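Values quoted throughout were computed directly from the atomic coordinates according to the rules given, and no laboratory measurement underlies them. Not measured: the values here are computed from a predicted model. No Cβ is skipped: glycine too gets one built from the backbone with ideal geometry, and neighbour counts run over all protein chains shown.
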Amino acid sequence: MTKVAIIGTGPCGLSMLRSFEQAEKKGEKIPQIVCFEKQEDWGGLWNYNWRTGSDQYGDPVPNSMYRYLWSNGPKECLEFADYSFDEHFGHPIPSFPPREVLYDYIIGRVKKGNLKNKVRFNRIVMTVTYNGKNFEVTSYDKKNDKFSKDTFDYVVVSTGHFSVPFIPEYPGMKSFPGRILHSHDFRDAEEFRGKNVIVLGSSYSAEDVALQCNKYGAKSVTIGYRHNPMGFKWPNGVKEVHYLDRLEGNKAIFKDGHEQEADAIILCSGYLHHFPYLTEDLKLKTRNRLYPPKLYKGVVWENNHKLLYLGMQDQFHTFNMFDCQAWYARDVIMGKIKIPSNSEIEKDINKWAVMEEKLENPDQMIDFQTEYTKELHGLSDYPKIDFELIRKHFKEWEHHKVEDIMTYRNKSFSSPVTGSIAPIHHTPWASAMDDSSKAFLNQSKN
Ligand SMILES: Cc1cc2nc3c(=O)[nH]c(=O)nc-3n(C[C@H](O)[C@H](O)[C@H](O)COP(=O)(O)OP(=O)(O)OC[C@H]3O[C@@H](n4cnc5c(N)ncnc54)[C@H](O)[C@@H]3O)c2cc1C
Ligand SMILES: NC(=O)c1ccc[n+]([C@@H]2O[C@H](COP(=O)([O-])OP(=O)(O)OC[C@H]3O[C@@H](n4cnc5c(N)ncnc54)[C@H](OP(=O)(O)O)[C@@H]3O)[C@@H](O)[C@H]2O)c1
């Protein structure tokens, strides 16, 4: 019997498990699956809890999530085709839920079946090697302090790429008297109440960490961009200046001559694709981009078609794109999809890579990833979902952000699965301080 190892049970690993479950429900004979998860529970980044940092075995629990994190895209754009928000919550909910609500939704889809039995929790995959015929996977069982080795025909890498921070150094950091941290270690904006905060970066983490600090009472927030400013209409107390040149004592001096006293520096400088358990011949090496190299259909490792990667792209689309990838990977594993010749693979990868190089703005990037996801969707029996509506929603969302970065999370979108329209949330995001499910779902507050 074919044996498959899935590494990681974040949204991607869960999509993979779900895809096999759905095939089995249709009466298909599925392979033997073993899923490895180094944490005590599933959910990946969305499984944020007080253990985040270090666990009871002394093992680091790297999780880049933080308190008060709300979805930064409309939930309708990430909705599962086979499990709608309406089905999970019993009624339509607003479009931008906080982390706990999204976590509940992700887990709701997988917890009904027997999928948890397929997961070995507290198991770190230490090494994966290919011996020319199959994969040898060594894992460490934290609970029992034991190593074991298993053999598999296929390996699915779903360990994410937003957990290992990239940390640049700037002159003067060594003698800076305040706190320096990466957004990966940002846990709670309350910590910066009354403080002068410097945020370095110009992508989603920089944007959200800056707004969070402002929302929860930072004295000032100064964002230093490197290449291009985000250029939003920032609220009072937030400004965007050009790139940090150096720190002198507690003073941050920027390339444009701007100076600011600082209590904390938060590096929102992105993450590394990091696979310490994979041998060199199997390892994806890439920056954060929409079409990482050497992955046929963004999934199949060009040099070994039995190694599959999920979710390695930079992400506009998330959960339903992960699903399309997982359904595709499942059909490759089950022999329903044939991988073409090496030259065809190369041609296909090059086609996407060339297109990616030409992208100039967010609308084009949204089109690119929507086309990619639609193509994958057409290759498996992943249920019907309206990707054209999702494309439209993403573009509208981008424009809402440009209009007003403080209010885009108050908007409402329609579901690409059920068509239902999200109600407006009872409290505008900027004044919604309680991010619990209870507070968010309590629409009667209206
Ligand atoms: C701060 C932050 C906020 C985000 N907000 C949003 C959002 O609002 N909306 C959205 O759609 N997306 C958001 N994302 C994007 C996020 O990447 C995806 O939503 C999603 O979590 C990716 O899933 P994944 O399964 O690829 O990876 P992860 O969620 O990172 O899961 C990877 C899993 O692999 C496990 N693992 C890692 N190494 C090993 C090993 N060696 N052995 C065994 N297990 C291992 C980890 O413990 C983890 O459970 C956010 C990302 C970050 C960093
Ligand atoms: N739900 C939410 O509110 C929320 C919040 C945070 C993050 N997220 C998600 O988390 C994921 C990761 O986002 P991210 O912003 O952390 O990473 P990212 O999108 O990969 O962006 C990395 C940023 O780091 C900057 N950078 C890299 N090297 C630098 C250096 N030496 N000095 C200064 N800046 C440097 C880059 O600047 P250049 O552009 O100049 O290269 C870029 O702005 C995304 O999927 C995002 O959606 C979501």
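Taken along the Cα-to-beta-carbon direction at a fixed 7 Å, the label points for ASN114 and GLU40 span 2.7 nm. According to the Cα-based calculation, Rg over Rh for the chain is 0.96, with Rh computed by the Kirkwood formula.
Sorting the segments 57-69, 6-18 by their residues' average number of neighbouring beta-carbon atoms within 10 angstrom, most packed first, yields 6-18, 57-69.
What is the distance, in nm, between label points placed 7 Å from the Cα along the Cα-to-Cβ direction at LEU359 and at LYS285? Once both label points are built, they end up 2.3 nm from each other.
Helix 319-333 and the long axis of the chain differ in direction by around 20°, with both axes built from C-alpha atoms. Whole-Hz Karplus values for segment 13-26 come out as x, 5, 4, 5, 4, 4, 4, 5, 4, 5, 5, 4, 4, 7 Hz, taken residue by residue from phi with 6.51 cos²θ - 1.76 cosθ + 1.60 and θ = phi - 60°; glycine and proline positions read x.
First measure r as the distance between the Cβ atoms of ASN134 and GLU302, then evaluate 1/(1 + (r/R0)^6) with R0 = 22 Å and state the FRET efficiency to the nearest 0.05. Provide the component values of the computation, followed by the final result.
Working: r = 19 Å, r/R0 = 0.86.
Step by step, r from the Cβ atoms, then E = 0.70.
Ranking request for peptides 188-198, 279-289, 30-40: highest mean number of other beta-carbon atoms within 10 Å first, then the rest in descending order. Before the final figure, lay out each step's value.
Numbers: 188-198: 18.0, 279-289: 13.9, 30-40: 20.5.
By packing density, highest mean first, the sequence is 30-40, 188-198, 279-289.
Of the residues ILE93, ILE339, ILE223, the one that moves most in a GNM of the chain with alpha-carbon contacts below 10 Å is ILE339. Working note: Cα gyration tensor of segment 1-143, eigenvalues times five, square-rooted, sorted largest first, giving semi-axes of 28, 22, 12 Å.
Based on the Cα gyration tensor of segment 233-331, what are the three equivalent ellipsoid semi-axes, each the root of five times an eigenvalue, rounded to whole Å and given largest first?
Numbers: eigenvalues 328, 59, 22 Å².
So the three semi-axes of segment 233-331 are 41, 17, 10 Å.
When only Cα pairs below 8 angstrom with a gap of at least 6 residues are kept, the chain shows a relative contact order of 19 percent. Oblate is the label for segment 94-182, because a/c, from the alpha-carbon gyration tensor with a ≥ b ≥ c as root eigenvalues, is 1.5 or above and a/b does not exceed b/c. Straight-line cross-link reach from LYS146 at under 16 Å between alpha-carbon atoms covers these lysines, not counting any fewer than eight positions away in the same chain: LYS38.
In deg cm²/dmol and to the nearest 500, what is the mean residue ellipticity at 222 nm of the chain if only DSSP H runs of at least 4 residues count, each as -39500 (n - 2.57), divided by the residue total?
Values: 9 runs with 113 residues, N = 446.
Value at 222 nm, helices only, nearest 500: -8000 deg cm²/dmol.
In the elastic network of the chain, a GNM with C-alpha springs shorter than 10 Å, the most mobile of SER415, SER84, SER54 is SER54.
For segment 298-403, the list of chymotrypsin sites (Phe, Trp or Tyr not before Pro) that fall in a loop by DSSP and count at most 12 other C-beta atoms within 10 angstrom is empty.
Of all lysines in the structure, those lying under 23 Å Cα to Cα from LYS438, and not within fewer than 8 positions of it along the same chain, are LYS75, LYS111, LYS112, LYS215, LYS411. Compute the Cα gyration tensor for segment 39-119, then decide on rounded, prolate or oblate, letting a ≥ b ≥ c be the square roots of its eigenvalues: rounded whenever a/c is under 1.5, prolate when a/b is larger than b/c in the other cases, and oblate in all that remain. It is oblate, given that a/c is not under 1.5 and a/b is not larger than b/c.
Contact order normalised by length for segment 252-298, with contacts defined as Cα pairs under 8 Å and 6 or more residues apart; what percent is it? Could you put the intermediate results ahead of the total?
Working: 23 pairs, mean separation 10.0, N = 47.
Across segment 252-298, relative contact order equals 21 percent.
Around the amide H of ASN196, modelled in the peptide plane, lie the amide H atoms of LYS219, SER220, ASP263, ALA264, all under 5 Å away and 5 or more residues distant in sequence or on another chain. With respect to the chain, whose longest principal axis is taken over its alpha-carbon atoms, helix 342-357 is tilted by about 20°.
Quick one: length gained pulling ASP381 to HIS227 fully straight, 0.36 nm per residue minus the C-alpha distance? Intermediate results must be reported in sequence, preceding the final value.
Numbers: separation 154, 0.36 × 154 = 55.44 nm, distance 4.18 nm.
Net length gain for the segment: 51.3 nm.
Go ahead and run the numbers for FRET between SER420 and GLU191, Cβ-Cβ distance against an R0 of 30 Å, rounding to 0.05. Once the sixth-power term is evaluated, E becomes 0.20.
Coupling constants for segment 246-262 follow from the phi torsions by the Karplus curve (6.51 cos²θ - 1.76 cosθ + 1.60, θ = phi - 60°), and in residue order they are 6, 10, 10, x, 9, 9, 9, 10, 9, 4, 8, x, 5, 10, 8, 5, 9 Hz; glycine and proline get x.
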